[in-house]
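The values are calculated or read from the model by the stated rules, or taken from the named source; none is laboratory data. Source: prediction; values computed, not measured. Positions of Cβ are backbone-derived with ideal geometry, glycine not excepted, and every protein chain shown enters the neighbour counts. What goes into the accessible areas is simple: the full protein's heavy atoms, side chains included, and nothing from ligands, DNA or RNA. Shrake-Rupley method; radii C 1.70, N 1.55, O 1.52, S 1.80 Å.
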Amino acid sequence: PKAMAFYGRYLYVANAGSDTVSVFDVFNGLGSGSFTYATGKGPSSIQLNGPFLYVANNGGSNDISAFSIAGDTIAVTPLPGSPFPAGGNPLSLALGAGGKFLYTANPDATNPSISGFSIDPTTGVLSPLSGSPFPLPVSHYMATDQTGAYLYVTSDADIVGYGIDATTGALTALAGFPVAAGANACSISIDPTNQFLYVANDGAADVSAFRLDAATGSLTPITGSPFAAGNHPQFIATF
């Protein structure tokens, strides 16, 4: 398994080794049975947006599998047009502007990029934004702040920030970036109060911490940052 997400009573798991996503009814126990659905190659990330499920496929198919969730049931159904083409090796997903847009981090070794899509609120179908995929630096994962106004991506030992146009979904580079994190900065997490941003630095064995200015999207290192962690921290979450 490469990623997990909850929707109500159900747990969704991306299985990179079998190119599938599994759905478990947590209320009845994980051992009580599950359903498994085919995805593209190497599913690596899951993003839920209301009754829609999106899976980034990082193993060579370079696309996003999309499903609708059938109410309070364990069943999911592929959306019309799924899978949707993305950039090279889409690894991470993030929603912008209150779920109107979906972005993928595509850390292709030759042509890194960020793909952007508008989401049909009724059908969940994805439509590429004008100019997508955008040739922008990204090396691992991405995250949007709690308002969906800013997108942050890791790029080598830095964080790069973008403003999200709430009407078009277009990305605009924020002033003051890139901001230094640590060696091989990997995943990003923003706390539920939208005040702090954290980065797991895989190559530095530590976590960088920043105060997030919700008015401008700027980041300011917190006193004492970076904070020591175990070897090769890759994923981080806040509660």
Just the residues that are open to solvent by 30 Å² or more (accessible area, probe 1.4 Å) and under 20 Å from the mean Cα position of the chain (by Cα), please, taken from segment 79-89. SER82, PRO83, PRO85, ASN89
Anything in segment 214-233 that is under 23 Å from PHE177 (Cα atoms), surrounded by fewer than 15 Cβ atoms within 10 Å (Cβ to Cβ) and without any contact (Cβ under 8 Å) to a residue 60 or more places away in the chain? List them, or say none. ALA215, THR216, THR220, PRO221, THR223, GLY224, PHE227
Can you pull out the residues in segment 165-192 that are closer than 19 Å to ALA214 by Cα, of a type outside the set (Gly, Ala, Ser), open to solvent by less than 30 Å² (accessible area, probe 1.4 Å) and not in a loop (DSSP other than H, G, I, E, B)? VAL179, ILE188, ILE190
I'm told GLN195 meets every condition in (1) under 23 Å from SER113 (Cβ atoms); (2) of a type outside the set (A, V, I, L, M, F, W, C); (3) at pLDDT 95 or above except one. Can you identify the failing condition by its number? (1)
Answer yes or no: is there a residue in segment 151-160 that is within 21 Å of PHE210 (Cβ to Cβ), of a type outside the set (Ser, Thr, Tyr) and assigned to a loop (DSSP other than H, G, I, E, B). yes
Any chance you could count how many residues in segment 47-78 are under 28 Å from SER139 (Cα atoms), among the hydrophobic types (A, V, I, L, M, F, W, C) and open to solvent by 10 Å² or more (accessible area, probe 1.4 Å)? 2
With the condition kept exactly as written, say whether any residue in segment 144-151 is over 17 Å from the mean Cα position of the chain (by Cα) and hydrophobic (A, V, I, L, M, F, W, C). no
What are the residue pairs meeting all of these: first residue in segment 161-185, first residue free of Cβ contacts under 8 Å to residues at least 12 places away in the same chain, second residue open to solvent by less than 70 Å² (accessible area, probe 1.4 Å) and in a strand (DSSP E or B), Cβ atoms under 6 Å, and 6 or more apart or on different chains? THR172/GLY163
